[in-house]
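Okay, here's the structure, questions in a sec.
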Amino acid sequence: MRKLLLLLVLGLIPVFSGCVEDIQDNENDESIEDIMDAYEEGQDEVSTEEEGQDEVSTEEEGQDEVSTEEEGQDEVSTEEEGQDEVSTEEEGQNEVSTEEEGQDEVSTEEERQDEVSTEEEGQNNDNSVVKEGNTVRVNYIGSYTDTGEVFDTSFEDIAKENDMYNEARTYGPMEFKVGAGQMIPGFDSAVVGMELNETKEISLTPDQAYGEYDESLIDSIPKAEFENAGIEPVEGETLNFGPNMPPGLIVEVKDEEEMVVVDFNHFLAGKNLDFEITVEGIAN
């Protein structure tokens, strides 16, 4: 049995060895194929990695291009900002120029105003001709147009000649401010434009002088009121009746009725009047 087994074993060894060799050959072939496959896969992976790197490089190049484009845009923006700054500077210069022109116009206007003011001052300082607002001194002779009778004058000698001299009065030039309403309208306006030492003759109607005669200004006052004030009423006498009333001329005393008739019209109301005026002085 042992020999038989030995022979069997010995007979089988070559077969087994062949099988082993076939298996090893197969295994070797499979191993080589696996290695080649693995190598090719590795190369594929390397290629894939390189492609990935290429893609990264391409992306980086794209980013570089984007960066370059952005830098270009930044340069354009910087250039535009520079242009804006130049524009702003030019606008500022234009504003300065406009402001200077405005100042020049103001200066010119001020110079004109100064010239006007100087001219006005020169006119105001010219006291050779009467202007409204001047204070003047005049001598005058007043008379009725229809009769020529003198009713008032600033000359003492003429007052004496016409039996109208008043010792209580100071004769001489009369002073008033032109246009201030201190004189009757026709007299006030007549002196405007007159020169120093000039003499003028004028004729005035009632509306230019003391107004028309008004019948309603005639009043009857009880005689007792005069007696209570210590006054004896006399016809033809002019009395002052207080600060709020004009002077009144007593035209009639009615003893039986105990009444006094007083005319509060100005004694020259309704009269046409002539004046001879001489300008003696002009002041601002």
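DSSP loop (so not H, G, I, E, B), at most 16 other Cβ within 10 Å: list which trypsin sites (Lys or Arg not before Pro) in the range 159-262 pass both filters.
Taking the range 159-262 and a limit of 16 other Cβ atoms within 10 Å, the loop trypsin sites (Lys or Arg not before Pro) found are R169.
Hey, another quick one. Which of the pairs K160/K223; K131/K271; K160/K200; K160/K271 have their Cα atoms more than 30 Å apart in this structure?
Table pairs above 30 Å Cα-Cα are K160/K223.
Further question on the same structure: Could you work out the local net charge near E225, counting Lys and Arg as +1, Asp and Glu as -1, over the other residues with Cβ closer than 13 Å to its Cβ?
Summing Lys and Arg as +1 and Asp and Glu as -1 gives -3.
Could you please state, rounded to a whole Å, how far the C-alpha centre of the range 128-157 is from the C-alpha centre of the range 159-178?
Comparing the Cα centres of the range 128-157 and the range 159-178, I get a distance of 10 Å.
How much length, in nm to one decimal, is gained on full extension between Y144 and K254, taken as 0.36 nm per residue of separation minus their Cα-Cα distance?
36.5 nm
Test of understanding: what is the full-extension gain from Y165 to N284, defined as 0.36 nm times their sequence separation minus their Cα-Cα distance?
39.6 nm
Only the coordinates and a few stated rules stand behind these numbers; no lab work does. Quick caveat: nothing in here was measured; it's all calculated off a predicted structure. Here Cβ is always computed from backbone atoms with ideal geometry, including for glycine, and neighbour counts include all displayed protein chains.
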